[in-house]
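*Asks:* Quick one: the structure is below, and I'll ask about it shortly.
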Amino acid sequence: MKPFAESCVQNRDPIFKVIKPLFSRSRRLLEIGSGTGQHAVYFAKEMPHLIWQTSDLEENHPGIRLWLREAQLDNVRSPVALAVCDRAAWSHLDTYDAVFSANAVHIMSEEDVICLFAGIGEILEPGGLLVLYGPFNYNGQYTSDSNARFDLWLKERDPKSGIRDFEWLDELASQATMNLNQDVEMPENNRILVWEKQID
């Protein structure tokens, strides 16, 4: 049975409204943490000019493949294994002019997030975009009571996880030679953060 996340159905249209113009000139996109595969199928169908490469931990690959097999889209690639702190995994990837990840950094450990940005800095082409969707803190503060409750739930589930501070993420992006391009307010106290890789 295909995995299913109701949140993907709820957030896909607001996300698509933002990412469609962002990725209008992109050609090769890496999605990090494809999860169920629902976002990949929905977005790739709406952006046929874009080759959409799915990735996740191997345990999630069977579910992603079920969604891809049903969709039969020519522009979506089968998932590659990507544990973000595995240097060898990054070295086997191609380069991309876009990277997208939704609701991933708050379920990762801090070490994983550091590895994530370092890896993206290596495979993202100059002028390419990194787009992250999810909840973020600002100046160490929650943006809503619901995010505070969500963060508590995350830490009870895994003490190493949690909503990340925007300022910390922006510093990691800067270390990977990426500059903040946009910070877009989204429904349900989420944001879309966009960084652009510096052009030498």
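Nothing in this text is a laboratory measurement; each read-out follows from the coordinates by a stated rule. Every value quoted in this text rests on a predicted model; they were computed, and no experiment measured them. We place every Cβ from the backbone using ideal geometry, glycine too, and count neighbours over all the protein chains shown.
*Asks:* Restricting the count to DSSP beta bridges whose residues both fall in the chain, what percent are antiparallel, rounded to a multiple of 5?
*Replies:* Given both bridge residues lie in the chain, the antiparallel proportion sits at roughly 45 percent.
*Asks:* Taking the chain, how many lysine pairs are there with alpha carbons less than 27 Å apart, if each pair must be eight or more places apart or span two chains?
*Replies:* So the count works out to 8.
*Asks:* Let me ask something else. Assign unit charges at the C-beta atoms only (+1 for Lys and Arg, -1 for Asp and Glu), then state the dipole size of the range 32-84 relative to its Cα centre in Debye, rounded to the nearest 20.
*Replies:* 100 debye
*Asks:* Dipole size in debye (nearest 20) for the chain around its Cα centre, Lys and Arg Cβ +1, Asp and Glu Cβ -1?
*Replies:* 660 debye
*Asks:* Kindly point out, ordered by number, any Cys in the chain whose beta-carbon has no other cysteine beta-carbon under 4.7 Å away.
*Replies:* Within the chain, the cysteines lacking a partner Cβ under 4.7 Å are 8.
*Asks:* Something else: Between residue 139 and residue 17, what FRET efficiency follows from the Cβ-Cβ distance if R0 is 35 Å, with the result rounded to 0.05?
*Replies:* 0.80
*Asks:* For the ranges 31-39, 54-62, what's the packing order if you count other beta-carbon atoms within 10 Å of each residue, average per peptide, and put the highest first?
*Replies:* Going from most to least packed, we get 31-39, 54-62.
*Asks:* Counting Lys and Arg as +1 and Asp and Glu as -1, what is the net charge of the other residues whose Cβ lies under 10 Å from the Cβ of residue 85?
*Replies:* After counting each charged neighbour, the total is -2.
*Asks:* On to the next question. Given a cut-off of under 8 Å on Cα pairs at least six residues apart, what relative contact order in percent is computed for the range 6-197?
*Replies:* 19 percent
*Asks:* Starting from the Cα of residue 112, step 7 Å along the direction of its Cβ; do the same at residue 66; then give the gap between the two resulting points in nm.
*Replies:* Computed distance between label sites residue 112 and residue 66 equals 2.2 nm.
*Asks:* Follow-up question, since we're still on this one. Which value, in nm² and rounded to one decimal, describes the direction-averaged projected area of the C-alpha convex hull of the range 6-197?
*Replies:* For the Cα atoms of the range 6-197, the hull's average projected area reads 9.9 nm².
*Asks:* Give the residue from 187, 175, 141 lying farthest towards the positive end of the charge dipole for the range 6-197; charges sit on Cβ (+1 for Lys and Arg, -1 for Asp and Glu) and the dipole is referred to the Cα centre.
*Replies:* My answer, from the dipole projection, is 187.
*Asks:* May I pose another question? Sort 136-148, 75-87, 99-111 by packing, meaning the average of other beta carbons within 10 Å per residue, with the highest value first.
*Replies:* 99-111, 75-87, 136-148
*Asks:* Here's something else I'd like to know. If I model a spin label as a point 7 Å beyond the Cα along the Cα-Cβ vector, how far apart are those points for residue 153 and residue 95 in nm?
*Replies:* That separation, rounded to one decimal, is 4.1 nm.
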